[in-house]
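Structure, as structure tokens:
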Amino acid sequence: MSEVTAASGTVHWIGAGLSTGRGLAATCDAADRVRLWHRTEERAARSLEALGLTGRAEPRAYTRAALAAELAPGDVVVSMLPAPEHAPLLAVCVERGAHFACSSYVSDAVLDQVPAAEAAGVVVLTECGLDPGIDHLFAHSLITRAEAEIGAGSAASYRLTSYCGGVPAVPNDFKYRFSWAPAGVLNALRSPARYVEDGTETTADRPWEATRPHLIDGEAFEVYPNRDSVPFVEQYGLPGTWKPETFVRGTLRLDGWLRAWDAVFEELKAGDDRRITTLAQELAKTYPTTDADRDRVVLAVCLDVRGGSGATWSGRYLLDLVGTAEESAMARCVSRTLALGVRHILDGSLPPGLARAAESAQRSEQWLAELAREGVPFTLRAG
């Protein structure tokens, strides 16, 4: 393995949308120099002012060419851009010998560049936000605790569920608050979901049709599977002698969401791309996010294991956070987790090549302890 390129101390934070919160301030604390790149230099300056960071980071107008001109070996690039923008941006980083960090899932286009990044000594940190990110940390921690009780080499069956959602702190008629672009929300619902149920791999072509009730400490929610959960069995390092009865990573919504969104689902069933683009614009206007709104993030990761000898173990992590006037709950969870990852790039503790928020039980425990100290509270029940 190549040696990691020493961090220069300069961080380029690209984008200042809904998920950029006080994590940017934490990055300013950790780095020698921070540049905030936005659509225009004026917008970048306004974002810094809103976050109370004027003078602590330098505003820049973003284009890939402009960024490339300022990148130096060992710089860290933090992408808050939409996922399709990550791969082209990573290519620039590899060429310049700069490290890369984002909160998104690993795309094939990003994965294709990992060998070149590793050879160049570049860290490619991904899945380092809320979901994906904190959910991975919770899962790794629970699995390690269960292994200590049941035994990693023992025969066992298990149920692992991981549900996360950003919802309005005060429920509205729509039972939802957009914490990211409505077009992205709608298109995610159009993607089939694969998961394990009753010991069998199952696919929901329309994920919302697999919605079911879900209680958390007596409060009713609705949950449904999303994306492809199955590869995470291997990514989480679950013992091969343990067989999944249930393994699902999904989305959490307020009770009544399925009924409130009935008209939206009818549009999604029709599958008219142009109409769905228009619908996303209509929903953004009808249900705008205002300064008076407060969001709530709920993330519940549960693991139940039953050993062949009859021994059982259960554990649950719960994060339940309400936003404030200074910072939304979503921005706090995403940006502070990402800032923590950036700090570990800066201190040289991450190896070159692909890294995720949770690659080991040891890192998970370390990062969870750091997040708790830095304003991302959660609870653990285990036994």
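The values are calculated or read from the model by the stated rules, or taken from the named source; none is laboratory data. Given the structure is predicted, the values throughout are model-derived calculations rather than measurements. For neighbour counting, all protein chains shown are included, and Cβ atoms are generated from backbone atoms with ideal geometry for every residue, glycine included. The area values use the complete protein model at the heavy-atom level, side chains included, leaving out ligands, DNA and RNA. Shrake-Rupley method; radii C 1.70, N 1.55, O 1.52, S 1.80 Å.
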Area of Val92 that stays accessible when all protein chains are in place (1.4 Å probe, Å², to 10)
20 Å²
In the chain, if the dipole is taken from +1 on Lys/Arg beta carbons and -1 on Asp/Glu beta carbons about the Cα centre, which of Thr27, Ser328, Val301 is farthest to the positive end?
Ser328
Between Glu234 and Thr286, how many nm apart are label points set 7 Å from Cα along the C-beta direction?
4.2 nm
Dividing the alpha-carbon radius of gyration of segment 10-125 by 2.2 N^0.38 Å (N being the number of residues), what value is obtained?
1.01
Compute the semi-axes of the equivalent ellipsoid of segment 280-383, taking the square root of 5 times each eigenvalue of the Cα gyration tensor, and list them largest first in whole Å.
30, 23, 14
Per-residue ellipticity at 222 nm attributable to helices in the chain (runs of n ≥ 4 DSSP H, -39500 (n - 2.57) apiece, nearest 500 deg cm²/dmol) works out to -10000 deg cm²/dmol
From largest accessible area down, sort Thr337, Thr379; use a 1.4 Å probe on the protein chains.
Thr379, Thr337
With a 1.4 Å probe and every protein chain left in place, tell me how much accessible area Glu70 has, in Å² to the nearest 10.
60 Å²
Of all accessible heavy-atom area on segment 10-125, the percent that carbon and sulfur account for (1.4 Å):
51 percent
Show me, for segment 232-241, the HN-Hα J-couplings you get by feeding each phi into the Karplus relation (A = 6.51, B = -1.76, C = 1.60, θ = phi - 60°), rounded to Hz, glycine and proline as x.
6, 4, 6, 4, 7, x, 5, x, x, 7
Quick one: accessible surface of His38, probe radius 1.4 Å, all protein chains present, in square angstrom to the nearest 10.
20 Å²
Among the trypsin sites (Lys or Arg not before Pro) in segment 260-366, which ones are in a DSSP loop with at most 16 other Cβ atoms within 10 Å of the Cβ? Mind listing them?
Arg294
Carbon-plus-sulfur fraction of the accessible area of segment 127-235, 1.4 Å probe, in percent?
48 percent
Any idea what the relative contact order of segment 10-125 is, in percent, if you count C-alpha pairs under 8 Å spaced at least 6 apart?
24 percent
May I ask for the Rg/Rh ratio of the chain, computed from Cα atoms with Rh as the Kirkwood radius, given to two decimals?
0.96
What helices does the chain hold that run 27 Å or longer along their axis, going by alpha-carbon atoms, with a Kyte-Doolittle average of 1.6 or more, using DSSP H for the helix calls?
none
For the chain, what proportion of DSSP beta bridges, expressed in % and rounded to the nearest 5, is antiparallel?
55 percent
Solvent-accessible area per residue for the chain at a 1.4 Å probe radius, Å²?
43 Å²
Going by accessible area, probe 1.4 Å, with all protein chains left in place, what is the ranking of Asp135, Asp198, largest first?
Asp198, Asp135
For segment 246-311, what log10 I(q)/I(0) values come out of the Debye formula at q = 0.15, 0.23, 0.25 1/Å, with one point per alpha carbon and no solvent?
-0.76, -1.18, -1.21
When only Cα pairs under 8 Å and 6 or more residues apart are kept, what is the percent relative contact order across the chain?
24 percent
Choice from Thr211, Thr290, Thr54 showing the highest fluctuation, given a GNM over the chain with Cα pairs closer than 10 Å:
Thr290
